[in-house]
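K.L.:
If you scroll down you'll find the structure; I have some questions about it.
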Amino acid sequence: MQRVALVTGGMGGLGEAICIKLSALGYKVVTTYSPNNKKAKDWLRSMNDLGYGFKAYPCDVTDFDSCKDCVRQIEEDLGPVDVLVNNAGITRDMTFKKMTKSDWTTVISTNLDSVFNMTKQVMEGMTERNWGRVINISSVNGQKGAFGQTNYSAAKAGMHGFTKALALEVAKRGVTINTISPGYIGTKMVTSIPKDVLDSKILPQIPMSRLGKPEEVAGLVAYLSSDEAAFVTGANISINGGQHMF
């Protein structure tokens, strides 16, 4: 039976690459998008014109009831969610001195509360079926910190605490919970950084002297989603070109 993979924040960038990879491997791929996203239908149409057959549902990942309604609709339409990729995230970068409570709350809600909100909706079904995969997309900056990112780094570090604790609870039920921590990946957001900043500030931090490819991260997601990864759980896997080793 074809498995269902749900990728939050799958429209564009890393999320899009993950959707494409999972689709190529035969998953029924579903993504969520913000109810305020006016370009969602255009993205979905363009992807499906290429033959991917994605489904997309509006969802405010910061709101528990919105997530509950979204997953219920997905499961009614397509069947139970077998793979959940918690990829939705935002940044509000600034020094802590300038950071407002709103800047803090918005990032924590979108990047960390969303992991609880979405995972809660699928976990009971996964444990009942004795098979499931949850993959949380964190960041190298959740491992090492980053100047001007106390909110983002805290949220991304919190993801892995969530991963380790939940992995212990569901390990005997055939469900794995893992974190991926990418470094600088060549998404539109990163490649829009001025070239002189990339060349002088970012690339010198990376021993491989290049940005990662979204497809490389997507390949790791694909592995963790597979039957072959059944013995990997509670892990935080770095994919950062050697930028941070521990």
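K.L.:
In whole Hz and in residue order, list the ³J(HN,Hα) couplings for region 200-210 that follow from phi through the Karplus curve 6.51 cos²θ - 1.76 cosθ + 1.60, θ = phi - 60°; x for Gly and Pro.
P.N.:
Values, residue by residue: 9, 10, 9, 4, x, 7, 10, x, 6, 6, 7 Hz.
K.L.:
Could you identify which residue out of S34, S114, S138 has the top mean-square fluctuation in a GNM of the chain using Cα springs shorter than 10 Å?
P.N.:
S34
K.L.:
For region 38-46, what does the Karplus curve 6.51 cos²θ - 1.76 cosθ + 1.60, with θ = phi - 60°, yield as ³J(HN,Hα) per residue in whole Hz, taken in order and with x for Gly and Pro?
P.N.:
7, 9, 4, 5, 5, 4, 4, 5, 5
K.L.:
Using R₀ = 25 Å, calculate the FRET efficiency as 1/(1 + (r/R₀)^6) where r is the Cβ-Cβ separation of A165 and R129; round to 0.05. Write down the numbers at each step before the final one.
P.N.:
Values: r = 21 Å, r/R0 = 0.86.
So the FRET efficiency works out to roughly 0.70.
K.L.:
Using 7 Å Cα-to-Cβ label points, what is the A24/L50 separation (nm, one decimal)?
P.N.:
That separation, rounded to one decimal, is 1.0 nm.
K.L.:
Report the normalised scattering of region 115-246 as log10 I(q)/I(0) at q = 0.10, 0.12, 0.13 Å⁻¹, calculated by the Debye formula with identical scatterers on the alpha carbons.
P.N.:
-0.36, -0.51, -0.59
K.L.:
So what is log10(I(q)/I(0)) for region 1-102 at q = 0.10, 0.11, 0.14, 0.24 1/Å, when the Debye sum runs over its Cα atoms only?
P.N.:
Reported log10 I(q)/I(0), two decimals: -0.30, -0.36, -0.55, -1.36.
K.L.:
Considering only C-alpha atoms, what is the centroid distance from region 180-216 to region 89-159, in Å?
P.N.:
So the separation of the two Cα centres works out to 21 Å.
K.L.:
Based on other C-beta atoms within 10 Å, arrange Y52, Y33 from fewest to most.
P.N.:
Y52, Y33
K.L.:
Please report, largest first and rounded to whole Å, the three semi-axes of the ellipsoid equivalent to region 127-189, where each semi-axis is the square root of five times an eigenvalue of the C-alpha gyration tensor.
P.N.:
Semi-axes, largest first: 27, 13, 7 Å.
K.L.:
Roughly speaking, what is the stretch gain from T106 to I239, that is 0.36 nm per residue apart minus the C-alpha to C-alpha distance, in nm to one decimal?
P.N.:
45.3 nm
K.L.:
Dividing the Cα convex hull volume of the chain by residue count, how many Å³ per residue is that?
P.N.:
133 Å³
K.L.:
Next question. With each label point set 7 Å from Cα along the Cα-Cβ vector, what nm distance links K144 and K98?
P.N.:
Between K144 and K98, the simple spin-label model gives 2.3 nm.
K.L.:
What does the extension gain come out to for F246 and S200, with contour length at 0.36 nm per residue minus their alpha carbon separation?
P.N.:
Fully extending the segment from F246 to S200 adds 14.1 nm.
K.L.:
Cα axis of helix 114-129 to longest principal axis of the chain: angle in degrees, 0 to 90, nearest 10?
P.N.:
Once rounded, one gets 30 degrees.
K.L.:
Rank the residues M126, M94 as a footprinting-exposure proxy: fewest other Cβ atoms within 10 Å of their Cβ go first.
P.N.:
Placing the least packed residue first, the sequence is M94, M126.
K.L.:
Only Cα pairs within less than 10 Å get springs; with that Gaussian network setup on the chain, which residue of L84, L166, L198 has the largest fluctuation?
P.N.:
L198
K.L.:
Taking the beta-carbon count within 10 Å as an exposure proxy, list R3, R72, R173 from fewest neighbours to most. Let's see the in-between values first.
P.N.:
Values: R3 19, R72 11, R173 15.
Result, fewest neighbours first: R72, R173, R3.
K.L.:
Still on this model: Can you give the convex hull volume per residue for the Cα atoms of region 20-80, as a whole number of Å³?
P.N.:
For region 20-80, the hull spanned by Cα atoms encloses 85 Å³ per residue.
K.L.:
Could I ask something else about it? Taking springs between alpha-carbon atoms closer than 10 angstrom, which of T106, T95, T233 fluctuates most in the Gaussian network model of the chain?
P.N.:
It is T95.
K.L.:
Let me ask something else. Using a 4.7 Å cut-off between beta carbons, which cysteines in the chain end up with no partner cysteine at all?
P.N.:
Unpaired cysteines in the chain: C19, C67.
K.L.:
Relative contact order of region 4-239, please, whole-number percent, based on alpha carbon pairs below 8 angstrom and at least 6 residues apart.
P.N.:
Worked out over region 4-239, it gives 21 percent.
Each value in this text was obtained by applying a stated rule to the coordinates, not by laboratory testing. As the structure is a prediction and not an experimental result, all values here were calculated from the model. Note: ideal-geometry Cβ built from the backbone for every residue, glycine included; neighbour counts use all protein chains shown.
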